[in-house]
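Notes follow the structure.
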Amino acid sequence: MNYKKTSLLVFVSLALFIFNCKGAGNPAAEMQELAKKSKDITCSKTVECAKEQFSKLPEAQRKFLPPMLQSKEACLESIEQNAAAQRAKTGKTEADEWKDATPEKVQAAKECMALIEKTSCSEMMSPNSPIQKSEACQFLSKK
């Protein structure tokens with residue numbers, strides 16, 4: 001998987017993670033739950049595709065792959081670290097990150113996650129990736 005496509009997957013996951021707020025029965029609370037699921041789906045797919053793509057490399061070369069491409073746990077940790085670094089950089093709290101959730105963002109998150117889950121690794125790496133063409137995923141990547 002090339003860096004740009006991996007970055008898009010991670011960015012979409014982070015975008016889902018960043019839309020946070022407290023309270024049940026509102027878009028922010030729903031987005032918070034979707035963000036947890038999104039990280040899991042994104043990391044599972046990232047590791048699956050990396051293993052598929054890099055399986056033919058000799059072990060000596062595979063050990064140089066970034067940890068986030070080698071295990072789901074390392075990927076999840078990387079996402080958490082990136083989110084914490086972004087919060088530190090902006091001065092926002094985790095609660096601040098979720099306040100901009102809207103019903104439209106919740107729906108886009110659901111659609112994008114469903115697409116990521118069902119898209120094969122070969123489709124993700126193709127120039128015509130359904131994720132890159134998805135209006136829902138593109139909507140989430142806009143600030």
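The values are calculated or read from the model by the stated rules, or taken from the named source; none is laboratory data. What you see is a predicted model, and the numbers here were worked out from it, not measured in a lab. Ideal geometry is used to build each Cβ from the backbone, glycine not excepted, and the neighbour counts take in all protein chains shown.
Residues that are out of contact with any His (no Cβ under 9 Å at 6 or more places or on another chain), modelled with pLDDT of 90 or more, acidic (Asp, Glu) and within 18 Å of GLU33 (Cα to Cα): does the stretch 78-100 have at least one?
The answer is yes; a qualifying residue exists.
Tally the residues that are among the small types (Gly, Ala, Ser), assigned to a loop (DSSP other than H, G, I, E, B) and surrounded by 16 or more Cβ atoms within 10 Å (Cβ to Cβ), restricting the search to the stretch 70-101.
1
Quickly run through the stretch 111-143 and pick out the residues that are out of contact with any Ser or Thr (no Cβ under 7 Å at 6 or more places or on another chain), surrounded by 15 or more Cβ atoms within 10 Å (Cβ to Cβ) and over 19 Å from GLU30 (Cα atoms).
THR119, CYS121, MET124, MET125, SER129, GLN132, SER134, GLN138 - these are the residues of the stretch 111-143 that are out of contact with any Ser or Thr (no Cβ under 7 Å at 6 or more places or on another chain), surrounded by 15 or more Cβ atoms within 10 Å (Cβ to Cβ) and over 19 Å from GLU30 (Cα atoms).
Among the residues in the stretch 51-66, are any surrounded by 12 or more Cβ atoms within 10 Å (Cβ to Cβ), touching a residue at least 40 places away in the same chain (Cβ under 8 Å) and either aliphatic (A, V, I, L, M) or on the phi > 0 side of the Ramachandran plot (or both)?
no
Quick one: GLN53 ticks every box in (1) more than 27 Å from ASN26 (Cα to Cα); (2) assigned to a loop (DSSP other than H, G, I, E, B) bar one, so which box is it?
Failed condition: (2).
Determine whether ALA108 is exposed (fewer than 15 other Cβ atoms within 10 Å of the Cβ) and more than 12 Å from the chain's Cα centre (by Cα).
It is false that ALA108 is exposed (fewer than 15 other Cβ atoms within 10 Å of the Cβ) and more than 12 Å from the chain's Cα centre (by Cα).
Results for (1) over 13 Å from ILE116 (Cα atoms); (2) touching a helix residue (DSSP H, G or I) at 6+ places or on another chain (Cβ under 7 Å); (3) modelled with pLDDT of 85 or more; (4) not aromatic (Phe, Trp, Tyr), shown as yes or no for each residue.
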position: LYS4; (1), (2), (3), (4): yes, no, no, yes
position: LEU14; (1), (2), (3), (4): yes, yes, no, yes
position: GLY23; (1), (2), (3), (4): yes, yes, no, yes
position: LEU34; (1), (2), (3), (4): yes, yes, yes, yes
position: THR42; (1), (2), (3), (4): no, yes, yes, yes
position: CYS49; (1), (2), (3), (4): no, yes, yes, yes
